[in-house]
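Contents: one structure, followed by commentary.
The values are calculated or read from the model by the stated rules, or taken from the named source; none is laboratory data. Bear in mind that the values here come from a model prediction, so they are computed numbers and not experimental data. Counting neighbours? That spans all protein chains shown, and the Cβs are built from the backbone with ideal geometry, glycine included.
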4 protein chains.
Amino acid sequence: MSCEHCSEKKTIRKEEDKKKLISRINRLKGQMDGIRKMIEDDRYCGDVLIQLAAISASLKSLSSVIFENHMHSCVLKSIKEGDDSSIDEIVELFKKFSWKKKNLM
Amino acid sequence: MSCEHCSEKKTIRKEEDKKKLISRINRLKGQMDGIRKMIEDDRYCGDVLIQLAAISASLKSLSSVIFENHMHSCVLKSIKEGDDSSIDEIVELFKKFSWKKKNLM
Amino acid sequence: MSCEHCSEKKTIRKEEDKKKLISRINRLKGQMDGIRKMIEDDRYCGDVLIQLAAISASLKSLSSVIFENHMHSCVLKSIKEGDDSSIDEIVELFKKFSWKKKNLM
Amino acid sequence: MSCEHCSEKKTIRKEEDKKKLISRINRLKGQMDGIRKMIEDDRYCGDVLIQLAAISASLKSLSSVIFENHMHSCVLKSIKEGDDSSIDEIVELFKKFSWKKKNLM
């Protein structure tokens with residue numbers, strides 16, 4: 001309640017931020033449609049794989065934007081209010097996104 | 001022409017393989033819709049990021065299936081027919097997907 | 001000076017933590033020696049690559065340990081003392097380690 | 001026996017290639033020593049992490065060189081001699097290095 005950004009498990013976003021995020025998501029969906037069309041048109045596997053790599057890059061870029069906002073709003077705020085649990089959350093996210101033991105390279 | 005799988009830059013896929021791939025792509029689009037809904041509903045960033053990681057995993061799994069088919073059909077065939085250029089293509093894909101110098105971890 | 005963990009660009013580590021980290025680093029060097037021996041002995045490329053993947057996993061595991069300590073000591077402390085700059089540092093690290101635009105998959 | 005590059009599980013490398021690979025490995029060991037020194041000197045975690053990311057990049061670059069040689073020698077040769085098993089090996093390596101289901105991003 002005392003936090004304008006996060007209450008419990010909510011992140012209140014500005015309308016313009018929402019719009020930007022949703023526009024990125026729609027573009028990603030458009031890229032997925034492109035892949036489907038490539039499959040339907042029997043396009044060469046090598047070309048499909050290159051497109052999939054591009055989608056993966058867009059997805060990471062989107063994750064990065066959300067992560068950055070998260071750090072500057074929710075995480076910073078909760079620590080200043082004396083709740084350190086978001087630190088453990090970030091550590092978990094870091095492991096999930098890049099350092100799983102199984103994530104060999 | 002002499003290759004049933006690849007002619008020039010085409011990969012002719014069996015109807016059932018196409019169906020499976022398109023069903024995976026549709027599931028990915030569904031997951032993207034889920035993310036959009038999370039953003040619209042002001043869901044907690046941490047939860048959105050975990051979902052994005054799951055989508056990234058699905059995308060890699062799809063890429064892996066296409067890569068495996070590609071190796072067993074197009075690449076194997078072209079080498080046996082004396083065309084070694086697909087080897088370079090695989091090396092390039094390997095770099096694109098995992099070993100870019102900029103891909104630090 | 002006011003922070004027992006970090007002063008300027010220092011991270012004061014406990015002796016036992018140092019020992020553990022250095023022991024991991026020594027193990028990594030041992031693994032590198034193993035790779036050198038494999039090359040000298042003309043071992044099969046495929047086997048060398050599997051070993052290199054294992055080393056990469058060890059390296060990530062080490063990075064993960066250091067990151068976790070960093071979050072719980074330096075980052076937490078500096079934020080509580082009113083210095084938010086470590087938040088930007090973490091965002092940069094996150095990008096470096098997992099989300100570079102060029103890091104396609 | 002019939003293959004100059006691979007016999008059973010051996011990869012015969014040219015002396016100059018060996019030298020280059022071993023020189024890269026030695027450089028990697030030097031970088032590891034640098035990390036140990038940073039830990040001993042209580043250097044700031046953030047700086048240690050940036051160095052670890054650089055080592056990870058060097059390791060990938062080394063893996064990439066070995067992979068490229070492998071594709072152009074062992075894999076190409078074995079397929080031309082009618083042994084397709086190296087295709088499965090490459091698919092496995094691809095999964096190990098970049099597309100593990102657990103490798104979320």
Taking the condition of being closer than 30 Å to A:ILE87 by Cβ and either surrounded by fewer than 16 Cβ atoms within 10 Å (Cβ to Cβ) or more than 8 Å from chain A (Cβ to nearest Cβ) (or both), how many residues in region B:54-71 meet it? 3
With respect to B:SER56, is the statement that it is in contact with a Phe, Trp or Tyr (Cβ under 6 Å, 6 or more places away or on another chain) and within 24 Å of A:ILE25 (Cα to Cα) true? no
Quick check: is even one residue across region B:34-47 farther than 20 Å from A:SER63 by Cα, at pLDDT 90 or above and away from chain D (no Cβ under 14 Å)? no
Has region B:81-99 got any residue that is part of a loop (DSSP other than H, G, I, E, B), modelled with pLDDT under 90, within 19 Å of the chain's Cα centre (by Cα) and within 7 Å of another protein chain (Cβ to nearest Cβ)? no
When restricted to B:ALA57, B:ALA53, the only residue modelled with pLDDT under 90, among the hydrophobic types (A, V, I, L, M, F, W, C) and within 15 Å of the chain's Cα centre (by Cα) is B:ALA57
So is A:LEU76 at pLDDT 90 or above and either under 29 Å from B:SER64 (Cα atoms) or not in a helix (DSSP H, G or I) (or both) or not? no
Considering region D:9-33 alone, what residues qualify as being over 30 Å from D:SER78 (Cα atoms) and more than 7 Å from chain C (Cβ to nearest Cβ)? D:ASN26, D:ARG27, D:GLY30, D:GLN31, D:ASP33
Return a yes/no flag: does region B:9-30 have any residue that is in contact (Cβ under 8 Å) with a residue 60 or more places away in the chain and outside any helix (DSSP H, G or I). yes
